[in-house]
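A.B. asks: Below are the structure tokens for one structure; questions will follow.
Derivation of every value follows stated rules applied to the coordinates shown; laboratory data play no part. Just so we're clear, the structure is a prediction, and the values are computed from it rather than from any experiment. Glycine gets a Cβ as well: all are built from the backbone with ideal geometry, and neighbour counts include every protein chain shown.
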Amino acid sequence: MDYMIDILSLYPNEIEEFVISIGEKSFRAKQIFSWLYKGADDFSRMSNLSKTFITKLKQNAEIKSIKIAKKYVSALDGTIKYLFELDDGEKIETVFMRYQHGNTICLSTQAGCKMGCAFCASTINGYKRNLLPSEMILQIMACEKDSGEKVSNIVLMGIGEPLDNYENVVRFLRLVNHNDGLNIGMRHISLSTCGLVDKIDRLAKENFALTLSVSLHATDDAKRREIMPIANRWTIEQLLASCERYIKQTSRRISFEYALIAGVNDSFEDAHKLGRMLAGMLCHVNLIPVNTVAEKKYKKSEKNAIEAFTRAVETYKISVTVRRKLGSDIDASCGQLRASHSN
């Protein structure tokens, strides 16, 4: 075999095909799958496999690894931010957050990001590569092992654009949802996108019961193009039309993310325009006071502006929340830690 199989990225039936191809019985696949999701990081630790079989596994497959490069724990709320190092030296960020409803992990889907959103730290050092399904799974396992607590909810909202790494992300979703794996239900997963219209349409056909979070951040195309380069490819009208198609296909409510930037998109007029745009849609609006990033020019809106914006949007009978900021004392927002520890 000319390459090493990334075994943690395989579905159970694919592991079965693999073990048969190297001359082993098909039932061994279930044993391997079970060991992988118990956190086995070396084939030698799979104690119910023969030494001969383990040797064949090591010759043909590998178990990807992840290690903690930096770790910060918030003194305010216990949020943990990890800077993980992957096998090739690339670094990614993962955040472990505790809520009353359970523990949530915000994980990365790419090393770096191509999207170039003007307020986001994830783009500072550029895009390096897509993450493998195994590398997404390993973020969860590493957080659980280090914290000693189970993860019950996943947010694909760390570094990278999930839908720009479509095939690997969909494979990850199916694996993390598998009954014999981590068994995290789709309804406990949220996927955030800056608005790749063609991929939203494609995701709708998967018919996952996850929550789709769409980054809107502006109420007119000119302003959105200033903030988000993706707006040069698709207009707000095209994006909202894809969201309507998604809702029709999945019957799932969409969450619209709106980063409030002082003096840019937080006016009374912006609030009412947003309300008119989304009125009647099966949706929720999540207002996000933008993070202050040293390398970026944008500042978050004042408290009174946030409150006024919220009230204005609510007049259109739209559910609105303001994101609670966790880990503010440890730069827990996407990309800030990676940027400060870039190679």
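A.B. asks: Pick out, from Leu83, Val197, Ala142, the residue whose Cα sits farthest towards the positive end of the charge dipole of the chain, with +1 on the Cβ of Lys and Arg and -1 on the Cβ of Asp and Glu.
C.D. replies: Farthest towards the positive end: Ala142.
A.B. asks: Tell me, what is the percent relative contact order of the stretch 167-276, built from C-alpha pairs under 8 Å that lie six or more residues apart?
C.D. replies: Here the relative contact order equals 27 percent.
A.B. asks: Another question about this same structure. For the stretch 145-230, which trypsin sites (Lys or Arg not before Pro) are in a loop by DSSP, counting at most 16 other Cβ atoms within 10 Å?
C.D. replies: Details: sites: Lys145, Lys150, Arg171, Arg174, Arg187, Lys199, Arg202, Lys205, Lys223, Arg224, Arg225; in loops: Lys150.
The qualifying sites are Lys150.
A.B. asks: With label points built 7 Å along Cα→Cβ from the Cα atoms of Asp180 and Asp220, find their separation and express it in nm.
C.D. replies: 5.7 nm
A.B. asks: Could you work out how far apart the two model spin labels at Asn207 and Lys303 are, taking each label as a point 7 Å from the Cα in the direction of the beta carbon, and quote it in nm?
C.D. replies: Using points 7 Å along Cα→Cβ, the separation is 4.8 nm.
A.B. asks: Give me the one-decimal nm value for the distance between modelled label points at Met281 and Thr310, 7 Å along each residue's Cα-to-Cβ direction.
C.D. replies: Label at Met281, label at Thr310, 2.2 nm between them.
A.B. asks: Report the calculated FRET efficiency for Asp198 and Phe268 (r = Cβ-Cβ distance, R0 = 45 Å), to the nearest 0.05.
C.D. replies: 0.85
A.B. asks: Now for a different question. If the chain between Phe27 and Asn232 were fully stretched, how many nm would it gain, using 0.36 nm times the residue separation less the Cα-Cα distance? If you can, show how the numbers build up before the last one.
C.D. replies: Numbers: separation 205, 0.36 × 205 = 73.80 nm, distance 5.13 nm.
Extending this stretch completely gives an extra 68.7 nm.
A.B. asks: For the chain, modelled as a GNM with alpha-carbon contacts under 10 angstrom, which of His188, His101, His272 fluctuates the most?
C.D. replies: With Cα springs under 10 Å in the chain, the top fluctuation among His188, His101, His272 is at His101.
A.B. asks: Could you work out the relative contact order of the chain? I mean the mean sequence separation of Cα pairs under 8 Å and 6+ apart, divided by the number of residues, in percent.
C.D. replies: Relative contact order comes out at 16 percent.
A.B. asks: Using mean Cβ contacts within 10 Å as the protection proxy, how do 137-143, 207-213 order, highest first?
C.D. replies: Details: 137-143: 22.4, 207-213: 17.7.
Those peptides, ordered most packed to least, come out 137-143, 207-213.
A.B. asks: Could you give the distance between the Cα centres of the stretch 259-278 and the stretch 38-65, to the whole Å?
C.D. replies: When both Cα centres are located, 54 Å separates them.
A.B. asks: With both bridge residues required to lie in the chain, what share of the DSSP beta bridges run antiparallel, to the nearest 5%? Intermediate results must be reported in sequence, preceding the final value.
C.D. replies: Values: 21 of 47 bridges.
That works out to approximately 45 percent antiparallel.
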